[in-house]
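The structure under discussion appears below in the form of structure tokens.
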Amino acid sequence: ARETGDSAAMAVLSGTEIVYVARASVRTLVRMEAHVGSHFPAHATSMGRVLLAGRTSEQLADYFGKAKLEKLTEKTVTDRAELEKLIASCRREGYAVVEEELALGVVALAVPVHDASGRVVAALNSSSHSRHTSGAVLVGQRLPTLLRIAKAISAELASVPVLSLSA
């Protein structure tokens with residue numbers, strides 16, 4: 001957040017939703033406010049798509065069997081086939097971008113955080129207001145920073161013995 005001047009957050013997957021486990025914001029934007037403990041539908045968030053991209057095909061099938069793919073804005077993708085394509089793209093590219101799908105004005109870029117065995121255990125994002133930037137600009141300007149920080153967090157997680165031993 002200090003490096004970008006915008007919001008940054010970390011989330012984990014809980015059922016069909018993401019749950020914020022950390023958040024920092026340099027400036028307050030006119031948009032929905034999120035805080036540690038906030039829950040949002042995974043399908044409509046960059047962090048949710050990153051977390052879903054880290055799941056097995058069986059886990060994804062289970063997710064789609066339970067998820068209510070609600071349209072939160074006019075831009076929210078709710079078609080399962082389209083979401084599966086976006087998740088596959090995220091898996092290939094190593095990041096996800098969502099523009100105004102969770103809420104109007106919110107644009108976010110997310111990358112995965114891994115445990116010692118390489119599993120995706122969390123997602124890290126940087127978000128801004130669509131009046132200030134676009135998803136493509138976030139990728140161009142912030143992806144290297146997010147990847148660097150996610151790699152550092154992943155290394156820290158790997159050094160925690162209890163987390164390294166859990167399966």
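The values are calculated or read from the model by the stated rules, or taken from the named source; none is laboratory data. Everything numeric in this text was worked out from a predicted model, so none of it was measured. Cβ coordinates were reconstructed from backbone atoms using ideal geometry, including for glycine residues, and neighbour counts include every protein chain displayed. Heads up: the accessible areas ignore ligands, DNA and RNA and are worked out on the full protein's heavy atoms, side chains in. Shrake-Rupley method; radii C 1.70, N 1.55, O 1.52, S 1.80 Å.
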Q | Label-point separation in nm, residue 61 to residue 89, each point 7 Å along Cα→Cβ | A | 2.5
Q. So between residue 35 and residue 14, what do we pick up on full extension, going 0.36 nm a residue minus the alpha carbon distance?
A. 6.0 nm
Q: Quote the accessible area belonging to residue 66 in square angstrom, nearest 10, computed with a 1.4 Å probe and with ligands, DNA and RNA left uncounted.
A: 130
Q | Estimated distance in nm for a label pair at residue 155 and residue 119, the labels positioned 7 Å out from Cα along Cα-to-Cβ | A | 2.3
Q: Tabulate in residue order the Karplus-calculated ³J(HN,Hα) for the range 74-86, using 6.51 cos²θ - 1.76 cosθ + 1.60 with θ = phi - 60°, rounded to whole Hz; enter x for Gly and Pro.
A: 5, 9, 5, 7, 10, 7, 4, 4, 5, 4, 4, 5, 5
